Amino acid sequence: MRLHTKKLAEYACLLAFAMIVSYIEALIPIPLGIPGVKLGLANVAIVFCLYRTGIGGAFIINICRVLLCGLLFGNAYGVLYSLAGAVVSLLIMVCVKRISAFGMVGVSIAGGVAHNIGQLLLALGITQVPVLWYYLPFLLVIGALTGFLNGSLANVIYKRIAKHTELHDNEK
């Protein structure tokens, strides 16, 4: 697959942004008593990318972010859980995006909830400990709240970049 320089630069910037916020987020503890709870700020880049570059770009950025962040800052289990959440989340976001009633924020909320469900299902599969189901209501609420936050941020960034791009295109 051959990418034009402009598209490659855009992907690199989105990947760098996603990796930077993932790293910063790893430094911020969220003491809720639920293991692994994070704001999911890297999802801002993924939601933005889904709307800006489409499914392919969002998939590439998402997988590269998970693998590179796991290699640089994490461990094998972290990569496994992140991949589970990232893949399930992106699949759900792609499906929800096709429903015209949902905007970027709604797509992000669905992605946040799906990410947590994907990770919970992996944890249940690995540990075979049914009591983990008790986390589900909390994870659904947290996923919806962080999805709302991330979708709102992605929406603001998307609109500003679209406006800037439009102004730049008119200057030519």
* **Rough spin-label spacing in nm, given labels placed 7 Å along Cα→Cβ, for Leu121 and Leu145** => 2.5
* Arrange the peptides 39-50, 6-17 so that the one whose residues have, on average, the most other Cβ atoms within 10 Å appears first. => 39-50, 6-17
* Obtain the nm distance between the two label points defined at Leu8 and Tyr77 by a simple spin-label model: each point lies 7 Å from its Cα along the Cα-to-C-beta direction. => 3.9
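Which of Ser100, Ser108 comes first, and how do the rest follow, when ranked by fewest Cβ neighbours within 10 Å? The partial results should precede the final answer.
Values: Ser100 6, Ser108 33.
Placing the least packed residue first, the sequence is Ser100, Ser108.
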* Structure fact -> About its Cα centre, the chain carries a charge dipole, from +1 on Lys and Arg Cβ atoms and -1 on Asp and Glu Cβ atoms, whose size in debye to the nearest 20 is 340
* Size of the chain along its principal axes in angstrom, Cα-based, largest extent first? -> 60, 36, 30
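How high is the relative contact order of the chain? Use alpha-carbon pairs under 8 Å, at least six apart in sequence, and give a whole percent.
Numbers: 180 pairs, mean separation 36.9, N = 172.
Computed value for the chain: 21 percent relative contact order.
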* To do: State, to one decimal in nm, how far the label point of Ile55 lies from the label point of Phe138, with both points 7 Å from Cα in the Cβ direction.
  => 3.5
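Rule-based calculations on the coordinates, nothing more; no lab input. As the structure is a prediction and not an experimental result, all values here were calculated from the model. As a convention, Cβ positions derive from the backbone with ideal geometry for all residues, glycine included, and neighbour counts pool all protein chains shown.
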